[in-house]
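Visitor: Following this message is one structure expressed as structure tokens.
The values are calculated or read from the model by the stated rules, or taken from the named source; none is laboratory data. Predicted model only: the values in this text are computed from it and were never measured. Cβ: placed from backbone, ideal geometry, glycine included. Neighbour counts: every protein chain shown.
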């Protein structure tokens with residue numbers, strides 16, 4: 001087991017009706033003036049907006065609204081939000097939404113404490129030294145951003161989707177009511193499930209010393225998510241399945257499933273190039289294409305690991321490691337297909353002519369390779385993208 | 001899944017040599033004057049004391065020492081420590097030790113902020129509203145106190161061992177170096193393993209709605225601890241096994257394995273009476289006698305749950321729930337016996353004449369029953385103690 005630091009200070013309020021306490025929770029922390037970020041109109045249509053506003057009003061919280069966060073949240077929006085946050089001297093940021101709203105809010109919170117451009121965090125020119133506190137009402141189980149240290153934003157002018165990690169990106173609190181996710185579409189639910197699995201599997205498939213406890217937790221999480229995913233495709237209002245997936249989303253990305261292991265997220269690196277370049281690619285759908293492709297490209301380097309995954313997550317009864325590994329990846333693909341997730345770049349309407357560009361983006365113009373069982377340089381990244389047809 | 005609040009803000013520094021950074025870590029938090037609590041002479045003998053003092057000195061941390069914390073930490077010691085902490089205006093408390101030193105430090109930290117007697121927390125007459133921050137260098141994997149919200153102290157004059165829970169009892173940081181535990185005796189290692197398992201199983205065997213993810217995490221943790229326990233009885237210096245057990249100790253009592261479930265800890269209630277009354281009973285050893293006894297007393301109320309435990313922790317291949325449940329409890333006993341832990345009160349030299357007194361202590365003089373699958377009133381508690389012969 002490698003040395004590690006584990007820090008997951010987010011206070012999670014989980015369960016039915018918890019979002020109705022948002023004003024009370026914020027008041028207890030002592031914040032009186034907040035910025036609320038959210039996406040498009042869905043929270044106004046389904047009544048969530050009104051319920052949250054009622055709770056904030058009842059607790060005399062002043063709210064500066066920043067609605068309109070888009071999927072793959074945009075740098076330009078964050079820059080505006082930073083300006084508004086500073087002008088209004090808000091004391092915290094409440095994100096009402098999913099990973100995009102959260103990441104936008106986190107970047108805003110870091111940006112509000114500095115005088116330079118917020119993109120300098122994403123370009124790793126600067127690191128946060130302070131941030132406004134961020135809280136959230138989660139509306140979708142997916143990115144795990146509610147407990148993670150990462151924030152990913154997109155500079156649309158330069159087609160760059162980049163993340164930065166910092167403990168200042170960890171939410172102060174997260175309100176997670178699985179019922180709110182009943183109305184999340186089948187497609188978005190599936191995207192979320194793939195993202196949760198990817199966060200867990202990326203930490204699982206890494207070169208390192210044995211980490212038995214972390215392995216068991218990761219496998220248990222994956223098994224649960226697969227089971228719950230099967231239930232949700234039939235019955236999107238199954239409370240326990242929604243709750244399992246929502247709690248798994250938080251645990252998949254709060255580092256619990258990576259304790260004692262290296263941290264690399266290679267497939268996320270590939271995917272960020274993809275959905276950074278093509279705005280019609282949802283993050284989870286991109287991962288659904290890329291994860292099996294990556295796995296097939298690397299599994300022979302560590303067949304025993306992929307075999308363990310196959311046996312403990314998909315109950316594969318096969319003694320030969322290479323065969324078990326192949327069967328495990330095949331089960332993963334079958335499950336993604338069952339979720340009606342794409343398994344090929346063609347399904348996004350992306351032609352082979354884009355491979356060169358995607359591979360360049362991914363390797364920062366051939367200047368870096370991505371660490372994994374095999375170091376993925378430009379040529380190898382290209383081969384993986386080519387295998388996605 | 002029940003609603004729950006999850007809050008585990010402790011920053012964990014885990015791995016080899018991490019204790020040597022204690023001064024640097026404390027300095028980063030900005031504390032300059034601390035109280036250090038520790039047990040008897042062992043940390044002076046094995047060099048840990050010197051290494052910690054060197055790091056504190058190097059980082060110019062002023063230290064007020066309170067050595068001599070005993071097993072089942074004593075109220076009188078805590079009262080003294082509160083007085084010293086106030087007089088010296090220490091800014092934080094560093095616990096160097098195991099559960100006893102931690103609980104003593106936590107109680108001191110809460111007591112230092114109030115004018116009334118610290119026992120009022122244990123007697124539930126008052127609840128903490130503030131506390132000094134507590135950090136620790138853990139020297140034994142057992143109680144999970146490094147991430148838990150509980151502190152248990154003993155009023156020896158009145159033979160009462162009582163705990164209180166508060167988020168103020170959660171450590172700010174925990175330094176966990178598995179190598180430090182190489183020298184923990186076989187007996188104490190075994191006691192720790194039983195305690196870790198008990199914390200997990202107490203949360204597992206509770207009436208409630210399905211919690212698939214929490215179940216899988218709990219089962220994975222138990223399985224890991226059983227495997228690592230087997231390794232450690234042969235080779236006490238196996239790093240990975242020590243690391244698994246140490247990390248399991250933290251996760252077994254930071255509420256992760258209880259998310260979405262009720263919280264009762266019935267067997268701990270029974271055990272607190274036992275080791276509160278008999279100072280020669282180590283907490284883990286007491287649990288080793290009482291857990292199987294309790295399980296045999298209640299399993300018929302929920303055989304499917306005990307059967308699931310048997311199948312997923314001990315790989316029992318038996319379809320009939322009652323039979324599987326019995327085999328699971330039997331495997332638990334066999335494992336405790338393998339650890340050379342007691343399975344009878346006789347092994348402590350405690351005679352049957354003590355049962356009445358123990359049952360009274362446990363039910364606070366017949367004024368309460370202990371919630372579990374069956375509510376345990378005085379008579380039922382007596383029956384469980386009687387079955388421990």
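Visitor: One residue is enough: does segment A:42-64 have a residue meeting the conditions within 21 Å of the chain's Cα centre (by Cα) and assigned by TED's automatic domain parsing to the domain that holds residue A:147?
Guide: Yes, because at least one residue in segment A:42-64 is within 21 Å of the chain's Cα centre (by Cα) and assigned by TED's automatic domain parsing to the domain that holds residue A:147.
Visitor: Output the number of residues of segment A:79-99 satisfying the condition of being assigned to a helix (DSSP H, G or I) and more than 16 Å from residue A:65 (Cα to Cα).
Guide: 1
Visitor: From A:1, A:36, grab the single residue that is in contact (Cβ under 8 Å) with a residue 24 or more places away in the chain and more than 14 Å from chain B (Cβ to nearest Cβ). Walk me through it before giving the result.
Guide: On the way: A:1 fails: more than 14 Å from chain B (Cβ to nearest Cβ).
Residue meeting the stated conditions: A:36.
Visitor: Right, next: Just checking, how many residues over segment A:4-22 are in contact (Cβ under 8 Å) with a residue 60 or more places away in the chain and either in a strand (DSSP E or B) or more than 13 Å from chain B (Cβ to nearest Cβ) (or both)? Spell out how you get there, then give the answer.
Guide: First, the residues of segment A:4-22 that are in contact (Cβ under 8 Å) with a residue 60 or more places away in the chain: A:4, A:6-19, A:21-22.
Imposing the further condition that a residue be either in a strand (DSSP E or B) or more than 13 Å from chain B (Cβ to nearest Cβ) (or both) reduces the set to A:4, A:6-14, A:22.
So the answer is 11.
Visitor: So which of A:108, A:127 ends up being outside the structural domain of residue A:246 (by TED's automatic domain parsing), in a loop (DSSP other than H, G, I, E, B), modelled with pLDDT of 95 or more and touching a helix residue (DSSP H, G or I) at 6+ places or on another chain (Cβ under 8 Å)?
Guide: None of the others qualify; the one that does is A:127.
Visitor: Hey, another quick one. For residue A:62, indicate whether it is over 30 Å from residue B:21 (Cα atoms) and within 14 Å of chain B (Cβ to nearest Cβ). Before the answer, list the steps.
Guide: On the way: over 30 Å from residue B:21 (Cα atoms): yes; within 14 Å of chain B (Cβ to nearest Cβ): no.
The answer is no for residue A:62.
Visitor: Go through segment B:251-277 residue by residue and tally those that are assigned to a helix (DSSP H, G or I), more than 27 Å from residue B:345 (Cα to Cα) and away from every other protein chain (no Cβ under 11 Å).
Guide: 1
Visitor: Still on this structure, please answer the following. Name the residue that is farthest from the other protein chains (Cβ to nearest Cβ), counting only residues in segment A:39-49 that are in contact (Cβ under 8 Å) with a residue 40 or more places away in the chain and closer than 21 Å to residue A:61 by Cα.
Guide: Selected residue: A:39.
Visitor: Now, a different point. Scan segment B:221-232 for residues that are free of Cβ contacts under 8 Å to residues at least 60 places away in the same chain and at the interface with chain A (Cβ under 9 Å from one of its Cβ atoms) and report the count. Steps first, please.
Guide: Filtering segment B:221-232 for residues free of Cβ contacts under 8 Å to residues at least 60 places away in the same chain gives B:221, B:224-225, B:227-228, B:231-232.
Cutting the leftovers down to at the interface with chain A (Cβ under 9 Å from one of its Cβ atoms) gives us B:221, B:224-225, B:227-228.
Of the residues in that region, 5 qualify.
Visitor: Among (1) under 29 Å from residue B:236 (Cα atoms); (2) within 14 Å of chain A (Cβ to nearest Cβ); (3) at pLDDT 95 or above, there is one condition residue B:192 misses while meeting the rest; what is its number?
Guide: The one condition residue B:192 does not meet is (2).
Visitor: Being at negative phi, surrounded by fewer than 21 Cβ atoms within 10 Å (Cβ to Cβ) and not in a strand (DSSP E or B): is that true of residue B:114 here?
Guide: Yes: the conditions hold for residue B:114.
Visitor: In this structure, is residue B:366 at positive phi, surrounded by fewer than 18 Cβ atoms within 10 Å (Cβ to Cβ) and in contact with a helix residue (DSSP H, G or I) (Cβ under 7 Å, 6 or more places away or on another chain)?
Guide: Answer is yes for this residue.
Visitor: Moving on to the next point. Mind checking whether some residue in segment B:251-272 is closer than 10 Å to residue A:213 by Cβ and outside the structural domain of residue B:150 (by TED's automatic domain parsing)?
Guide: yes
Visitor: While we're here: Regarding residue B:25, is this residue surrounded by 15 or more Cβ atoms within 10 Å (Cβ to Cβ), assigned to a helix (DSSP H, G or I) and within 14 Å of chain A (Cβ to nearest Cβ)?
Guide: Considered against the rule, which asks whether it is surrounded by 15 or more Cβ atoms within 10 Å (Cβ to Cβ), assigned to a helix (DSSP H, G or I) and within 14 Å of chain A (Cβ to nearest Cβ), residue B:25 comes out as yes.
Per-residue answers, yes or no, for (1) part of a helix (DSSP H, G or I); (2) over 21 Å from the mean Cα position of the chain (by Cα); (3) more than 24 Å from residue A:274 (Cβ to Cβ):
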| residue | (1), (2), (3) |
| --- | --- |
| A:323 | yes, yes, yes |
| A:326 | yes, yes, yes |
| A:330 | yes, yes, no |
| A:340 | no, no, no |
| A:346 | yes, yes, no |
| A:350 | no, yes, no |
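Visitor: Identify all residues within segment A:45-73 that are in contact with a helix residue (DSSP H, G or I) (Cβ under 8 Å, 6 or more places away or on another chain) and at pLDDT below 95; write none if there are none.
Guide: A:46, A:70, A:71, A:72, A:73
Visitor: Specify which of the listed residues (B:338, B:314, B:291) is in contact with a helix residue (DSSP H, G or I) (Cβ under 9 Å, 6 or more places away or on another chain), at negative phi and surrounded by fewer than 18 Cβ atoms within 10 Å (Cβ to Cβ).
Guide: B:338
Visitor: Please state which one of B:248, B:243, B:218 is within 10 Å of chain A (Cβ to nearest Cβ), more than 22 Å from residue B:331 (Cα to Cα) and at pLDDT 95 or above.
Guide: Answer to the check: B:243.
Visitor: I'd like the residue in segment A:173-182 that is at the interface with another protein chain (Cβ under 10 Å from one of its Cβ atoms) and either outside any helix (DSSP H, G or I) or within 15 Å of the chain's Cα centre (by Cα) (or both) and, out of all such residues, is farthest from residue A:240 (Cα to Cα).
Guide: Within segment A:173-182, the match that is farthest from residue A:240 (Cα to Cα) is A:173.
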